[in-house]
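Have a look at the structure below before the remarks.
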Amino acid sequence: QVQLVESGGGLVQAGDSLRLSCAASVRTPTRYTTGWFRQAPGKEREFVATISGTGLNKYYADSVKGRFTISRDYAKNTVYLQMNSLKPEDTAVYYCAAGTISNVYYQEEYDYWGQGTQVTVSS
């Protein structure tokens with residue numbers, strides 16, 4: 001069983017930065033693609049970014065390209081989401097998810113989910 005614990009959310013102003021962390025309890029992190037999804041109030045949960053188990057492949061939603069960066073630290077079994085130039089429309093609960101994925105954009109393919117961390121960006 002894989003457990004994911006997110007941290008790093010908070011309240012910031014537009015233009016600020018935040019770094020989210022997703023700590024995973026896995027023995028072989030290279031097996032798992034790990035991604036971030038977000039859900040804003042009244043909206044469907046949407047894909048944000050994901051990184052392959054090897055760390056070689058990274059994918060981003062168009063809305064965050066150039067502003068967000070996903071990375072992973074194997075020594076700490078942690079995946080990070082560095083968020084720069086935050087906008088009010090980035091306000092959402094951010095979820096970390098992991099699995100052995102065929103299509104990284106489909107949340108249904110992710111087997112394990114964290115509890116979420118709130119990010120609020122004020123204008």
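The values are calculated or read from the model by the stated rules, or taken from the named source; none is laboratory data. All of these numbers come straight from a predicted model, not from anything done at the bench. Cβ: placed from backbone, ideal geometry, glycine included. Neighbour counts: every protein chain shown. Remember, those area values only see protein heavy atoms, side chains included, never the ligands or the DNA or RNA. Shrake-Rupley method; radii C 1.70, N 1.55, O 1.52, S 1.80 Å.
Please work out the Cα center distance from the stretch 55-123 to the stretch 1-35, rounded to the nearest Å. Cα centroid to Cα centroid, the span is 7 Å. Using only alpha-carbon positions in the chain, the gyration tensor eigenvalues give semi-axes of 23, 14, 13 Å once each is multiplied by 5 and square-rooted (largest first). Comparing Q107, Q13, Q39 in a Gaussian network model of the chain (Cα springs below 10 Å), the most mobile by mean-square fluctuation is Q13. The GNM of the chain, with springs linking C-alpha atoms under 10 angstrom apart, assigns the highest mean-square fluctuation among S102, S17, S25 to S102. If I model a spin label at Q13 and E108 as a point 7 Å from the Cα along the Cα→Cβ vector, what separation in nanometres do I get? With each label point 7 Å from Cα toward Cβ, the separation is 4.4 nm. Here the 3J(HN,Hα) profile of the stretch 35-52, calculated from phi with Karplus coefficients 6.51, -1.76 and 1.60 at θ = phi - 60°, is x, 10, 10, 9, 9, 8, x, x, 10, 6, 5, 10, 5, 10, 6, 8, 9, 6 Hz, Gly and Pro shown as x. Residues of the chain were split at every exposed loop site, defined as chymotrypsin sites (Phe, Trp or Tyr not before Pro) in a DSSP loop with at most 13 other C-beta atoms within 10 angstrom, and the longest piece left, sites excluded, is 1-73. GNM on the chain, alpha-carbon springs under 10 angstrom: the most fluctuating residue among G66, G42, G15 is G42. Under the convention that each Lys and Arg Cβ holds +1 and each Asp and Glu Cβ holds -1, the size of the dipole of the chain around its Cα centre is about 320 debye. Remark: the chain carries 53 Å² of accessible area per residue (probe radius 1.4 Å; ligands, DNA and RNA excluded).
Based on DSSP loop calls and a cut-off of at most 11 other Cβ atoms within 10 Å, the longest stretch of the chain free of exposed trypsin sites (Lys or Arg not before Pro) is what? So the longest stretch without any such site is 66-123.
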